[in-house]
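Take a look at the structure set out below.
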Amino acid sequence: MPKPILTIKNLTKTYGQNVIFQNLDLTVNEGDTIVIIGPSGTGKSTLLRCVNLLTRPNEGQIWLDDLEITAKGTDEDQVRQHIGMVFQNFLLFNHLTALGNVKLGLTRVKHLSDEEATEKALHELSRVGLADRADHYPGQLSGGQQQRVGIARALAMDPRVMLFDEPTSALDPELIGEVLEVMRKLALDGMTMLVVTHEMGFAREVADRIVFMEKGYIVEEGSPDEMFNHPKFDRTREFLWKITELYGKKEKEAE
Amino acid sequence: MDFGQFLSYIASGTVYTVGVTLIALPAGLLIGTILALFYVYGGKAAARVMNLYSTIFRGIPPVVLLFILFFAVSKGINLSAFWAGSLSLGVVSSAYQMEIVRGALLSVSGDQLMAARAVGLSRMQAIRYVVLPQAVRLAIPPWSNEAAIVIKDSSLVYALGVPEILRRAQLIGASSQQYLLAYLSAAVIYFLLVSLTTRMLNHLEQKLSIPSNP
Amino acid sequence: MLTWLGYFERFGKNFLRGAGVTLELTAVGLAIGFVLGLMLALARSYGPKWLQRAAAAYIAVFRGTPLLVQLFIIYYGLPELGIAFSQNVAAYLALGLNSAAYQAEYLRGSINAIGAAQMEAGRSIGLSKWQAIGYVILPQALRLALPSWSNEPISLLKTTAIVFLIAVQDLMAEGKRAATTTFDFVGIYLAVAVVYLVMVFALDALLKFLERKTKIPGMDIETRR
C-alpha cells in the first residue's frame, strides 16, 4: 500500500474575481515523482506556493503526512522546514556564498552548530556536484550552478517532499541538462518530488505520474506511457503534441 | 595673534562639529531604521503613520524643525545646548534616513523574503538574516550623502550657541576683524570633514560589496 | 490650542509678508542657480580640460561646505575686499551660487543619459559641436532632467530658512520676532512650520502638474530617492 505524503483535497485559490484553480485534488505518494504540465497561467506555480504556504488557498485542505497544514494555527515555519522549494529564478541569497546559502536554514532554523552545519552543507553541495564552488557568491556562479545550489539549499533541510517550480525555465539551453541530471538522480534516490516543468524528456523518463492542468483544472493524469501514447482527452493530446513539437525543434537546434 | 593660533582656535571647534554629527547621525539612523521597518513590514496603518511623519518632517526646513525640537526639549529637560541640538538634529535627519532605509528594504525584492520563508525562517529571521544584510549595502551610497548633509547641517547649531567651527570663526572674526579669513578657514575645515567622510564611506561600500563576475 | 491658533490671527500679516520674501528668495536663487548651473554642466561635459576641472571643483566646493558658511563669507567676508552687498542681495547670491552646484549635477546626469550617440547623430548631419548641443542635446536633456530637477525648488525653499541669520526679513525672521514678543518659542516656530509646509505642498503640487504637462511619452529617466 503506497503511503501518501502530500494530499490535496478540494483546493481553490482566487485573486479577487480571478479564479486561479478550483476544487483541485491531488495525492503524492512516498518516493513518487509527479510532473505537472500545462499551458502557462493555469495555476501550476500557485499550486506549489499553496503547498508551501507561501500563499493561502481560499478553500480546501492540504495534508503533509497526517498533519493538515491548512488548518488554522499551523506553525507555517515548522511546515516549510519539511517542504523543500526550488524557484524558477533560483532566488539564492545574494549576500551569501553557496555554502552560506545552504547553511542558513541549518543554523537558524534547525539550530545546528556551525561545524555541523558546514559539514552537512558541504555534503549537500557535493550531492549536486558543487563542493568546489562552496565559497563562490551567487553572482560568481552560472545559472545552472545557482539552481543546483538552490536544490542543495532545499535538500539540506531533509524535506519530506521537494517542490520544483519550473526549475529550468530561466536557464540558457546549454545549462538545463546539469540541473535535470541532479533532479533525475534525486528521483532515483527515492526523493518525493512535485515538479512543474515544460521539459517533456524529463517527464517521460522520470515521472511516475504526469498531471495535465489547464485553466485551473486537472484535465487528466496518468503514467507517462498513458499520457504520451494513449491520452484519454484530445486537449491532452493537442497540448503534448504542440509542446513536444516545439521543444523537439529547439532541442535539435541546440544540437 | 599669528595665523597658526587663529586657525587652531577655529579648528578646535571641530570637536563639537564632529560630536554633533556623531550623535545626530546614529540617532537618526536608529530612529529612521526602526520607523522604516514599521513602514515596510508593519501593515497599512503603520505605513500611513510613517508616511505622514516623513512628509511633514521632510517638508519643514531643518532649521525650523531644529528650533522647535530644541526649545521643546529644553523646556522639558535640562540639557546642554550641545546635547539638545545634537539630538534635535538627529530627529531632523531621521525622516530622511527612514526614506533611505525604506528604499533599500524595498529594493531587496520580496522574492528574497519569500525564498527565506521557504527554507523555514520566520519573518523576523528572514528580515534579520536575509533582507537587512543586503539592504545595508544598498543604503550606503545614499546614506553617505545624508552623512555629508548632517555634517553641513551641524553648522546650524551655531545659532544655539554651541561653540563649533562656525561659531568660533565668528568669534575670532569679530575679535580680529578678519571675517573673510575666519569664514574661509571654516569652509576649508568643513570641506575636509565632508570629503573625508565621503571617502571613508566609499571605501566601506567597496569593502562590503558582494563579489560577482559580470 | 486656541492661543496657538490665535497666533495666525495676531501674526498672520507678518507671516504672509515673510512668506513673500521667502518665495522671492527661492525664485531668485533658483533662477541664478539655473543659469549658472547650466553653464557649469555644459562646461563640465563639453568644455576644454581645464574648464571641466574648474567646473568640477566649483561643484565639489559648493556641495562640500555648509550654505551658512558660504552666506557668511559673502555677507561678512567679502566687504573686506571692498565688495559689499545688502542682506537680500547677499542671500540671493549665496542661494544662487549654492543651488547652481546642485542644478549642474541634475543637468549633467541627464546630459550623460542622452549620451554620445545623439551627439554623433547631430554631428553626422553636419551640425557643429555647439549646434548639436543647442539643437539636439539640450532640448532632450532639459526635459529629461525635469523629474530629478523638480526636487530643487522645494529643497531650495527649505534652505532659504537660514538667511534670517544675516537678518533678511523672511518668514523665519518674522517667526523669531514673534517668538521674542510672546516667549512661546515652540508655539510660534510650530506656526511657522505650518506656513512652510503649506508652501512646500503647494509648490510640490505645482511641480507635479508641470511634470505631467511636459512629459514626452516614452522618455523617462530613473532617479534615486
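Data table
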| read-out | value |
| --- | --- |
| Helices (runs of 4 or more DSSP H) contained entirely in the range A:154-255, each with at least 3 residues that are within 12 Å of the chain's Cα centre (by Cα) and surrounded by 15 or more Cβ atoms within 10 Å (Cβ to Cβ) | A:173-188 |
| Candidates C:Leu138, C:Leu142, filtered to the one that is open to solvent by 60 Å² or more (accessible area, probe 1.4 Å) and free of Cβ contacts under 8 Å to residues at least 40 places away in the same chain | C:Leu142 |
| Extreme residue, most open to solvent (accessible area, probe 1.4 Å), among residues of the range C:145-159 that are within 12 Å of another protein chain (Cβ to nearest Cβ) and among the aliphatic types (A, V, I, L, M) | C:Ile154 |
| Test result for B:Gly4, touching a residue at least 24 places away in the same chain (Cβ under 8 Å), more than 14 Å from every other protein chain (Cβ to nearest Cβ) and part of a helix (DSSP H, G or I) | no |
| A:Gly31 being closer than 26 Å to A:Ala203 by Cβ, open to solvent by 10 Å² or more (accessible area, probe 1.4 Å) and of a type in the set (Gly, Ala, Ser) | yes |
| All helices (runs of 4 or more DSSP H) inside the range C:1-95 with 2 or more residues being more than 26 Å from B:Val150 (Cα to Cα) and open to solvent by 30 Å² or more (accessible area, probe 1.4 Å) | C:2-46, C:49-64 |
| Matching option when the condition is open to solvent by 30 Å² or more (accessible area, probe 1.4 Å) and either in contact with a Gly (Cβ under 8 Å, 6 or more places away or on another chain) or within 17 Å of A:Leu155 (Cβ to Cβ) (or both), among A:Asn94, A:Asn18, A:Asn89, A:Asn58 | A:Asn94 |
| Given (1) surrounded by 17 or more Cβ atoms within 10 Å (Cβ to Cβ); (2) more than 18 Å from the chain's Cα centre (by Cα); (3) modelled with pLDDT of 90 or more; (4) under 30 Å from A:Tyr137 (Cβ atoms), number of the condition A:Asp77 does not satisfy | (3) |
| Test: residue in the range B:127-134 that is surrounded by 19 or more Cβ atoms within 10 Å (Cβ to Cβ), assigned to a helix (DSSP H, G or I), within 14 Å of chain A (Cβ to nearest Cβ) and of a type in the set (D, E, K, R) | no |
| Among the residues listed as B:Val150, B:Val194, B:Val157, the single one being touching a helix residue (DSSP H, G or I) at 6+ places or on another chain (Cβ under 8 Å), at the interface with chain C (Cβ under 8 Å from one of its Cβ atoms), in a helix (DSSP H, G or I) and crowded, with 20+ Cβ neighbours inside 10 Å | B:Val194 |
| Residue ID - nearest to the chain's Cα centre (by Cα), chosen from residues in the range A:31-53 that are on the phi < 0 side of the Ramachandran plot and assigned to a loop (DSSP other than H, G, I, E, B) | A:Asn52 |
| Members of the range B:69-92 found to be free of Cβ contacts under 8 Å to residues at least 12 places away in the same chain and assigned to a helix (DSSP H, G or I), listed by number | B:Phe71, B:Ala72, B:Ser74, B:Lys75, B:Gly76 |
| Subset of the range C:160-210 that is crowded, with 23+ Cβ neighbours inside 10 Å and not aliphatic (A, V, I, L, M) - its residue that is nearest to the chain's Cα centre (by Cα) | C:Thr160 |
| Subset of the range A:103-119 that is assigned to a helix (DSSP H, G or I) and open to solvent by 50 Å² or more (accessible area, probe 1.4 Å) - its residue that is nearest to the other protein chains (Cβ to nearest Cβ) | A:Arg108 |
| Selected residue (only one of B:Val18, B:Val40, B:Val63, B:Val92 is within 19 Å of B:Val162 (Cβ to Cβ) and open to solvent by 30 Å² or more (accessible area, probe 1.4 Å)) | B:Val18 |
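Every residue, every condition in (1) of a type outside the set (A, V, I, L, M); (2) touching a helix residue (DSSP H, G or I) at 6+ places or on another chain (Cβ under 7 Å); (3) within 14 Å of chain C (Cβ to nearest Cβ), yes or no:
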site: B:Ile56; (1), (2), (3): no, yes, yes
site: B:Ala72; (1), (2), (3): no, yes, yes
site: B:Asn78; (1), (2), (3): yes, no, no
site: B:Ala84; (1), (2), (3): no, yes, yes
site: B:Ser94; (1), (2), (3): yes, yes, no
site: B:Arg102; (1), (2), (3): yes, yes, yes
site: B:Ser109; (1), (2), (3): yes, no, no
site: B:Ala116; (1), (2), (3): no, yes, no
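The values are calculated or read from the model by the stated rules, or taken from the named source; none is laboratory data. Keep in mind it's a predicted model, so treat the numbers as computed, not measured. A quick note on method: Cβ atoms are made from the backbone with ideal geometry, for glycine too, and the neighbour counts reach across all protein chains shown. With ligands, DNA and RNA removed, areas are computed over all heavy atoms of the protein, side chains included. Shrake-Rupley method; radii C 1.70, N 1.55, O 1.52, S 1.80 Å.
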